[in-house]
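A.B. asks: After the structure tokens below, expect a handful of questions from me.
Derivation of every value follows stated rules applied to the coordinates shown; laboratory data play no part. As the structure is a prediction and not an experimental result, all values here were calculated from the model. Virtual Cβ from ideal backbone geometry, glycine too; neighbours counted across all protein chains shown.
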Amino acid sequence: MSPRATRLLVFAVIFTVFAGLAGFVSALLCFIPAPYLFPLAYHLSHRVAWDLTANFVSRLQCPRCAFQLPAVGVWTVGSYTDHHEQNIYNVRSPIDGKHIGWIDCPQCGSTIVL
Ligand SMILES: [Zn+2]
């Protein structure tokens with residue numbers, strides 16, 4: 001299973017749980033309608049899915065040349081190079097705090113979507 005498929009599967013499982021919890025909380029607290037809680041469940045599910053995916057993905061593979069690289073390393077975002085090794089699914093941009101969405105294959109330059 002590709003790392004992206006792994007992340008989406010983890011997201012689907014977590015969102016199912018969080019959406020169920022949102023519905024349960026909405027039923028308990030009648031003054032909070034469920035449609036207000038589902039976007040929160042969606043946002044939290046994405047954050048947790050990125051963090052949990054790091055536990056399941058140890059290697060990335062280029063879809064073009066099949067070159068494999070380890071998911072743990074010292075990563076560079078723009079002109080910023082991190083100061084310690086970490087899984088790429090835990091790396092965040094120092095500018096906007098978002099996760100890295102892709103990297104370039106070091107062998108052929110193709111984009112590897114995370
Ligand atoms: Zn490649």
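A.B. asks: Averaging over all projection directions, find the projected area of the Cα convex hull of the range 58-114 and quote it in nm² with one decimal place.
C.D. replies: Projected area, direction-averaged: 3.7 nm².
A.B. asks: A further question follows. Translational diffusion coefficient of the chain at 37 °C, 0.692 mPa s, Stokes-Einstein with Kirkwood Rh over Cα pairs, in µm²/s as a whole number.
C.D. replies: Approximately 209 µm²/s, per Stokes-Einstein.
A.B. asks: Can you tell me, using C-alpha contacts under 8 Å and at least 6 residues apart, the relative contact order of the chain as a whole percent?
C.D. replies: 21 percent
A.B. asks: If you take every residue apart from D51 with its C-beta less than 12 Å away from the C-beta of D51, what net charge results, scoring Lys and Arg +1 and Asp and Glu -1?
C.D. replies: +3
A.B. asks: Still on this structure: Amide H of W75 versus every other amide H placed in the peptide plane: which residues, excluding those fewer than 5 positions away on the same chain, fall under 5 Å?
C.D. replies: For W75, whose amide H was placed from the backbone, the distant partners under 5 Å are D82, Q86.
A.B. asks: For helix 34-53, report the angle its Cα long axis makes with the longest principal axis of the Cα atoms of the chain; keep it between 0 and 90° and round to the nearest 10°.
C.D. replies: Rounded to the nearest ten degrees, it is 30.
A.B. asks: Something else now. Can you compute 3J(HN,Hα) from phi for each residue in the range 83-96, using the Karplus curve 6.51 cos²θ - 1.76 cosθ + 1.60 with θ = phi - 60°, rounded to whole Hz and x for Gly and Pro?
C.D. replies: 9, 8, 6, 7, 5, 5, 6, 9, 6, 10, 5, x, 8, 10
A.B. asks: Still on this structure, please answer the following. Work out the length of the dipole vector of the chain about its Cα centre, built from +1 on the beta-carbon of each Lys and Arg and -1 on the beta-carbon of each Asp and Glu, and round it to the nearest 20 debye.
C.D. replies: 220 debye
A.B. asks: Among W102, W50, W75, which comes first, second and so on when ranked by fewest other beta-carbon atoms within 10 Å?
C.D. replies: Result, fewest neighbours first: W102, W75, W50.
A.B. asks: So what's the range 1-57 giving for Rg/Rh, alpha carbon basis, Kirkwood Rh from the mean inverse pair distance?
C.D. replies: 1.10
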